[in-house]
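Heads up: the structure comes next, in structure tokens.
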Amino acid sequence: MLDLRRFTGREMRIGDKLMEFNWGFLLLLTVISSMGFAMLYSVADGSFSPWALKQMIRFVLGAGIMIVVALVDLRLWMRIAYPLYAVALVLVTAVDIVGFKGMGAQRWLNLGIIQLQPSEVMKVAILLALARYFHGLTLEEVSRLKNLMVPLLIVVVPVGLVVKQPDLGTAILLTVSGGVLFFAAGLAWRYFILGGVAVLAAIPIVWDRLHDYQRNRVFTFLDPERDPLGAGYHILQSKIALGSGGVFGKGFMAGTQAHLNFLPEKQTDFIFTMLCEELGFVGGLTLLAFYAVVLIYSFSVAVQCRNQFGRLLALGISVSFFFYVFINSAMVMGLLPVVGVPLPLVSYGGTAMLSLMFAFGLLMSVYIHRNLEIARGNNAFW
């Protein structure tokens, strides 16, 4: 292991950075993704088309992106954090103007060669922007009211645009990830208490503005049996599939709920259910154990980093990844209302896969440059 204290980010050579790159972490991500490839292969009844092969290509491309991003000087990511956020904001805004609908929501942009979901890009951009902003403040300055307007706007504006699409699951993730960075930056507790009171007071207003299907999801969460063939169908079939898998599962490609098309959205939101039906409790627990290792390593990177920007960025990526896993797995078990949150690295989806691998590239850049000291203060950007 190299002693990075004798390097700065600019002095490290590419070879030094490649030696510091945690290839074991990339291998772990490959193992998790391979479980997703296997499930997508099974969903298609033993065919790589239409999902598994595309997902494999996206992962390989994402792995390349991760390595390239990791080798870039962390200070460069700090310099371009605001421009990247601005680009993501333009893309999210464009969805409302020229986006197209899919599965009842207007969330995608057709860029010709790819269909982009800008809200996934925003999940990373908002972490970069907040980490950059709070790096420029001292601990005493973080809790001054005048310094909170900019970071609040950084969070509130994209959240409002994403809610309008509508994509409540992503909006929740953006809000929680942003809130965690506020906490990590040292914001005084009184602001969180005031924020909690404001959220409780706003619940009646938000409830009145929810779409009918969103209200039905809440009612279904509270009582799935109220409409077993309608709003409650998804979660009831998910519970049946989870329970029927038992300890060791029905066997690869032998899941009846999935292959007889009782289980909905089995290649995306409910892929964890399918995995548990075919591989059982042991298979589901194994996947969650792999996720736990990713989270432990991600948090350890944040703890080891000596500069505030990298520390906050790594923490934000870690928390965002945790809530991805938690919300999806709790959703399919009936512990949370059904929302459109994919299972990271496993659910089918191009933008989600590539943006997550980009985020892990940033995490690895923080690790490689963990001993890099970056001056605090508003002019540290330059």
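The values are calculated or read from the model by the stated rules, or taken from the named source; none is laboratory data. Owing to the predicted nature of the structure, the values given are computational and were not obtained by experimental measurement. Neighbour counts run over all protein chains shown; Cβ positions are idealised from the backbone, glycine included. Heavy atoms of the whole protein, side chains included, go into the accessibility calculation; ligands, DNA and RNA do not. Shrake-Rupley method; radii C 1.70, N 1.55, O 1.52, S 1.80 Å.
Conditions tested, residue by residue: (1) within 30 Å of ARG215 (Cβ to Cβ); (2) within 19 Å of the chain's Cα centre (by Cα).
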| position | (1), (2) |
| --- | --- |
| ASN110 | no, no |
| VAL124 | no, yes |
| GLY136 | no, no |
| LYS146 | no, no |
| LEU152 | yes, no |
| VAL155 | yes, yes |
| THR175 | yes, yes |
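Taking each residue of the range 321-337 that is farther than 13 Å from LEU288 by Cα and among the aliphatic types (A, V, I, L, M) and looking for partners that are modelled with pLDDT of 90 or more and open to solvent by 40 Å² or more (accessible area, probe 1.4 Å) with beta-carbon atoms closer than 9 Å, six or more apart or interchain, yields LEU336/PHE326.
Pairs linking a residue in the range 197-219 that is within 15 Å of ALA171 (Cβ to Cβ) to a residue that is surrounded by 12 or more Cβ atoms within 10 Å (Cβ to Cβ) and of a type in the set (Gly, Ala, Ser), with Cβ atoms under 9 Å and 6 or more positions apart or on different chains, are ARG217/ALA231. Listed here are the helices (runs of 4 or more DSSP H) enclosed by the range 157-243 that have at least 1 residues being at pLDDT 80 or above and aromatic (Phe, Trp, Tyr): 168-184, 189-209.
Hey, does the range 299-307 have a residue that's in contact with an Asp or Glu (Cβ under 9 Å, 6 or more places away or on another chain) and of a type outside the set (D, E, K, R)? Yes, the range 299-307 has at least one match. Just the residues that are assigned to a helix (DSSP H, G or I) and over 16 Å from PRO342 (Cα atoms), please, taken from the range 49-58. Correct list: LEU53, LYS54, MET56, ILE57. VAL366 falls short on exactly one of the conditions (1) touching a Gly at 6+ places or on another chain (Cβ under 7 Å); (2) farther than 28 Å from VAL218 by Cβ; (3) open to solvent by 10 Å² or more (accessible area, probe 1.4 Å), and that condition is (3). Filtered by the rule that a residue be of a type in the set (Val, Ile, Thr), in contact (Cβ under 8 Å) with a residue 40 or more places away in the chain and open to solvent by 50 Å² or more (accessible area, probe 1.4 Å), the range 287-296 gives a lone residue, VAL293.
One residue is enough: does the range 53-75 have a residue meeting the conditions without any contact (Cβ under 8 Å) to a residue 60 or more places away in the chain and either among the acidic types (Asp, Glu) or open to solvent by less than 30 Å² (accessible area, probe 1.4 Å) (or both)? Within the range 53-75 (the criterion being without any contact (Cβ under 8 Å) to a residue 60 or more places away in the chain and either among the acidic types (Asp, Glu) or open to solvent by less than 30 Å² (accessible area, probe 1.4 Å) (or both)), the answer is no, since none of the residues qualifies. Are any of the residues in the range 334-353 open to solvent by less than 20 Å² (accessible area, probe 1.4 Å), hydrophobic (A, V, I, L, M, F, W, C) and assigned to a helix (DSSP H, G or I)? Yes: the range 334-353 contains one or more residues that are open to solvent by less than 20 Å² (accessible area, probe 1.4 Å), hydrophobic (A, V, I, L, M, F, W, C) and assigned to a helix (DSSP H, G or I). Of the residues PHE299, PHE309, only one is surrounded by fewer than 24 Cβ atoms within 10 Å (Cβ to Cβ) and either in contact with a Cys (Cβ under 6 Å, 6 or more places away or on another chain) or over 16 Å from SER329 (Cβ atoms) (or both); which? Checking each option against the conditions leaves just PHE299.
Here the range 131-151 is the region considered, the condition is being surrounded by 14 or more Cβ atoms within 10 Å (Cβ to Cβ) and without any contact (Cβ under 8 Å) to a residue 40 or more places away in the chain, and the residue that is nearest to VAL339 (Cα to Cα) is PRO151.
Each residue in the range 22-48 was checked for being more than 24 Å from the chain's Cα centre (by Cα) and either closer than 16 Å to LYS266 by Cβ or assigned to a helix (DSSP H, G or I) (or both), and 5 pass. When you scan the range 281-290, do you find a residue that is assigned to a loop (DSSP other than H, G, I, E, B) and more than 30 Å from PHE183 (Cβ to Cβ), even just one? The answer is no; no qualifying residue exists.
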